[in-house]
Amino acid sequence: MRVGAAIVGINGAIATTLTAGLSAVRRGLAQPLGMVSELPEFTGLGLPGLDELVFGGWDIRLEPHADWARRHGLVPSELLSTISSDLESISVFEGPLIGVVPAALGLSGVNLARNVHSRRQALERLAADITAFRTENELDTVVVLNVSSTEPPLAHAPFWSDAGALARAIDDNDARITSSVLYAYAALREGCPYVNITPSEASDIPALSEVALGNGLPHAGKDLKTGQTLCKTVVAPMLRARNLRVEGWYSMNILGNDDGAVLTDPANRASKIATKLGVLEDLLGYDGFDHQVHIHFYAPRGDAKEAWDTIDFCGWLNTKMTLKINWLGADSALAAPLAVDLVRFAALAYHRGESGEMTHLAPFFKSPLGAAPPAFADQMRDLFAYAERVRVDMVDR
Ligand SMILES: NC(=O)c1ccc[n+]([C@@H]2O[C@H](COP(=O)([O-])OP(=O)(O)OC[C@H]3O[C@@H](n4cnc5c(N)ncnc54)[C@H](O)[C@@H]3O)[C@@H](O)[C@H]2O)c1
């Protein structure tokens, strides 16, 4: 099986850490640490092998992929020299510059893609890129993976809830249609499973869920769960199980990479805050506590993100207690292996003929699509149960 991953945002920090890291793993220079799909529970399931994955994708920041991998400075330079030929072979398509505000992404002063006239033109170009990627690399499947910069929440419009109306709005070049929606639409129209690891809205809007189901395609999202929210979905069920009542949960983040810079724009930050805020009530089974999430751009930290959580809760006789968590994570090193996992799981689901929301992938996301339990342990239990079902189906066949 040859599986292509067409990455939206191929020159970003996560994408370059992904391609460089996978190249190192394939050459035996690194272990696949951080990859969930490499756990023994998923062995022999028919996931595409790491050597069967082919990467390519779009960016609006041009220049070769290998140059961007160097610029982010996240991969040791000796390793980059060893694997440079692998990175140089990765094709970067020019992303259509529409439905996106470069200044809000801090993209002034770089070599940017050209504007396109209309959303319809952009959609057709993305479709042609997918076909070219598939044909040139002799791929059985192309998974489209959104790893691009966070966009603001969608402006209200009735056409989000209806596939036909969305197609007409694209013809009308409606300015409310964002870049992420166009990529997701192109993917699902062209027969590609789609995964969104960003907080931006895409295949989660009803119009695109309809396209996915109509074309028999699986999709998943959104906003990868790599640090602070991962801890929330582990710690909150523990407090609930001990009947300790949370009064407040104060979450702070500092990060200094390009993603952090993008999140200084209040409109972009609103999408991220929404996915980060939306987890606790379901986990605890009540509301009425003070949940705050703050994200600050702090350049000296680069990709070395730091998160603090102060959790104030009470127990017997209303006694007040506090739990503090200090998570020092390497943003892209946490996200990149999970993105590879998602490509493999999406390809598997596609080859099994599954369609609609891949709810078994909930443990990967802050805001998982479809009905899924909120606690991380329950989400992982469901993923392991899915693996068992796949195994049983393989025996039955
Ligand atoms: N690192 C993590 O732990 C983590 C967790 C959850 C979600 N995310 C999300 O992943 C995304 C990527 O993060 P990153 O650190 O790689 O950011 P980044 O800024 O380094 O990379 C984003 C890339 O997307 C490109 N891009 C922007 N708009 C585009 C468009 N319309 N078409 C094509 N390319 C476009 C940019 O030019 C850039 O190269 C962000 O949305 C972030 O919020 C990251």
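The values are calculated or read from the model by the stated rules, or taken from the named source; none is laboratory data. Treat the numbers as computed from the prediction; the structure is a model and nothing was measured. No Cβ is skipped: glycine too gets one built from the backbone with ideal geometry, and neighbour counts run over all protein chains shown. Each accessible area value is taken on the protein alone, full model and side chains, heavy atoms only, with ligands, DNA and RNA left out. Shrake-Rupley method; radii C 1.70, N 1.55, O 1.52, S 1.80 Å.
Structure above, values below:
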read-out: Output for region 327-377, where each listed residue is assigned to a helix (DSSP H, G or I), open to solvent by 20 Å² or more (accessible area, probe 1.4 Å) and either free of Cβ contacts under 8 Å to residues at least 12 places away in the same chain or within 16 Å of the ligand (Cβ to nearest atom) (or both); value: 331, 333, 334, 338, 376
read-out: Every pair of residues 6+ apart whose Cβ atoms lie under 6 Å, when the first sits in region 131-158 and is in contact (Cβ under 8 Å) with a residue 12 or more places away in the chain while the second is of a type in the set (Asp, Glu); value: 154/201
read-out: Condition check for residue 66: touching a Cys at 6+ places or on another chain (Cβ under 9 Å) and at pLDDT 90 or above; value: no
read-out: One residue from 21, 73, 28 being in contact with a helix residue (DSSP H, G or I) (Cβ under 9 Å, 6 or more places away or on another chain) and not hydrophobic (A, V, I, L, M, F, W, C); value: 21
read-out: Residues located in region 279-298, provided they are within 16 Å of the ligand (Cβ to nearest atom), outside any strand (DSSP E or B) and either open to solvent by 60 Å² or more (accessible area, probe 1.4 Å) or at pLDDT 95 or above (or both); value: 298
read-out: Within region 180-276, helices (runs of 4 or more DSSP H) holding 1 or more residues that are surrounded by 19 or more Cβ atoms within 10 Å (Cβ to Cβ) and of a type in the set (Lys, Arg); value: 228-241
read-out: Search result, residues across region 90-120 that are buried (at least 19 other Cβ atoms within 10 Å of the Cβ), within 22 Å of the chain's Cα centre (by Cα) and not hydrophobic (A, V, I, L, M, F, W, C); value: 95, 96, 99
read-out: Condition broken by residue 317, with the remaining ones in (1) on the phi < 0 side of the Ramachandran plot; (2) open to solvent by 60 Å² or more (accessible area, probe 1.4 Å); (3) not aromatic (Phe, Trp, Tyr) satisfied; value: (1)
read-out: Boolean, residue 267 is aliphatic (A, V, I, L, M) and either modelled with pLDDT of 95 or more or within 13 Å of the ligand (Cβ to nearest atom) (or both); value: no
read-out: Residue match in region 100-122 (condition: modelled with pLDDT of 90 or more, within 14 Å of the ligand (Cβ to nearest atom), aliphatic (A, V, I, L, M) and touching an Asp or Glu at 6+ places or on another chain (Cβ under 8 Å)); value: no
read-out: Residue satisfying condition, being more than 16 Å from the ligand (Cβ to nearest atom) and either over 15 Å from the mean Cα position of the chain (by Cα) or of a type in the set (A, V, I, L, M) (or both), within set 182, 230, 255, 244; value: 244
read-out: Residues of region 80-99 that turn out to be among the charged types (D, E, K, R) and within 10 Å of the ligand (Cβ to nearest atom), as a count; value: 1
read-out: Selection status of residue 155, among the small types (Gly, Ala, Ser) and part of a helix (DSSP H, G or I); value: no
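Residue by residue, here is whether (1) β-branched (Val, Ile, Thr); (2) more than 22 Å from residue 11 (Cβ to Cβ) holds:
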position	(1), (2)
164	no, yes
171	no, yes
178	yes, no
187	no, no
197	yes, no
205	yes, yes
212	no, yes
215	no, yes
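Residue-by-condition table, conditions (1) open to solvent by 10 Å² or more (accessible area, probe 1.4 Å); (2) of a type outside the set (Gly, Ala, Ser); (3) in contact with a Ser or Thr (Cβ under 6 Å, 6 or more places away or on another chain):
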{"position": "7", "(1), (2), (3)": "no, yes, no"}
{"position": "52", "(1), (2), (3)": "yes, yes, no"}
{"position": "62", "(1), (2), (3)": "yes, yes, no"}
{"position": "74", "(1), (2), (3)": "yes, yes, yes"}
{"position": "88", "(1), (2), (3)": "yes, yes, no"}
